[in-house]
Amino acid sequence: MGPGWTGRGRHLPLAAMLGLTLCALLGAVDAEEFTITITPGETLPNGTIYVIRHSNVSFNCSRSSQQKSNISWNYIGPDSRQETFVNVEGTYSEFTLFNVGSDNQGNYTCSTNESVTKEVLVYHPPEGPPLCHAESSDNDVHLFCSWTEGYPHPTFVWSNVTWKFGSGDQTHRLPGLNDTMVLQVKGSETHDGQIFKCVGSHVAYEQRMEPSCSLLLKAPLPETQPLVTGFEGKNITLTCRAKEGNPPPKLTWIRNNTTEIFTNKKYIVLQEGITSLLTIQRTFKAQDEGRYICKCENPLGIKEMEIWVSFNNKNISGLVGVIAVLALLCIAAILGIFLYRHRNLFITRRRFWQSGSNVFTLVDSEEEEEFADEGSSGITSVVNHQSAESMNGHVFVEDTPPKIYNDRLPSEERNETDV
């Protein structure tokens with residue numbers, strides 16, 4: 001066959017054959033020389049590139065040929081608005097986005113004579129550790145593991161000391177909540193003190209600490225007041241709290257071991273978290289006195305606590321008054337004893353004053369006679385700077401110069417100037 005043979009028995013002109021070959025070569029060259037590079041970034045199987053939030057990302061668009069051309073970059077974000085932010089003349093174009101955020105996610109298109117588009121996703125891990133909690137439904141235990149606010153959604157693995165749970169062990173995600181995994185376990189396969197662990201994983205999580213949370217299953221244990229006393233005709237409220245229990249137990253009230261109590265005209269049952277309140281309205285002793293039972297139940301067990309309700313029809317106001325009177329009498333008695341034992345501090349038979357070095361003493365009439373006899377014996381009485389006079393039981397003190405009573409001294413002791 002000659003160089004112009006086409007396979008159908010016809011010959012093409014040489015110029016036409018050369019033109020087709022040249023176009024094919026040019027097309028192959030154009031397809032190979034026009035490339036987009038995004039670093040650092042990872043390419044998914046569908047060709048989408050993802051980067052990690054808060055990283056610095058470089059975009060490069062280049063041609064292998066040295067022929068210059070107009071190169072532009074266009075960005076279309078989630079809101080479908082197009083933005084042209086680079087337009088240069090040359091053989092390549094590059095730019096860098098610093099501290100990439102979720103708002104930089106979208107389609108990036110580099111255009112010359114042709115255009116190439118790359119979709120860029122911004123991944124970021126969930127914030128904080130995963131959170132676990134348990135709930136009960138009939139006789140089953142549902143274990144929830146949530147790790148929210150990440151993109152894309154994380155994956156989870158449930159395990160305990162015995163085995164790991166996979167997708168075939170009744171694990172499922174909640175509708176519309178792909179960041180939560182639920183493990184359903186039969187109540188017969190659980191026991192008090194059993195520990196379950198949930199480990200989360202995310203492509204953008206780079207910390208060394210393992211993101212996980214644990215659950216400790218506990219049998220229920222109620223706590224309440226064993227005796228409640230009220231008054232007939234008044235409302236009485238009974239309180240029962242689940243001191244232990246995971247999943248959180250269900251609290252119910254039972255009357256006389258037989259009848260479960262529900263809210264009606266006589267009773268009001270209210271549960272707030274792990275606390276249940278039973279209010280008995282318009283009580284009557286004959287009808288409402290007796291035993292009530294708080295039943296605490298979860299798939300791991302049942303525990304009951306008894307409460308006895310009694311009534312007090314006596315008026316305690318008189319008793320309170322008697323107690324108050326007795327208390328006042330005791331205080332008065334103690335005060336009287338104290339005053340009696342320390343009466344010298346408040347009531348005295350004698351009075352005395354002290355001013356500087358002068359001391360005055362009041363004596364009775366009998367003592368005055370003894371004092372006079374002593375004065376007649378020739379003892380001189382000296383009063384310094386003050387004299388005291390008594391009138392009607394009162395003592396008056398006034399300043400007077402000191403006096404010396406010489407007439408009571410022996411003659412041989414008198415001053416010669418007085419002779």
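Quick notes
- Exposure ranking of R291, R81, R282 by accessible area [1.4 Å probe, largest first]: R81, R282, R291
- Burial order of peptide ranges 212-218, 292-298, 53-59, 327-333 (average beta-carbon count within 10 Å, highest first): 292-298, 212-218, 53-59, 327-333
- In this calculation the C-beta distance from T275 to C330 is compared with R0 = 41 Å, giving a FRET efficiency of 0.45.
- E189 contributes an accessible area of around 90 Å² to the protein surface, as traced by a 1.4 Å probe with all chains present.
The values are calculated or read from the model by the stated rules, or taken from the named source; none is laboratory data. A quick note: this is a predicted structure, and the numbers were derived from the prediction, not measured. Positions of Cβ are generated from backbone atoms using ideal geometry, with glycine treated the same way; all protein chains shown enter the neighbour counts. Accessible surface is based on the protein model in full, side chains and every heavy atom, while ligands, DNA and RNA are left aside. Shrake-Rupley method; radii C 1.70, N 1.55, O 1.52, S 1.80 Å.
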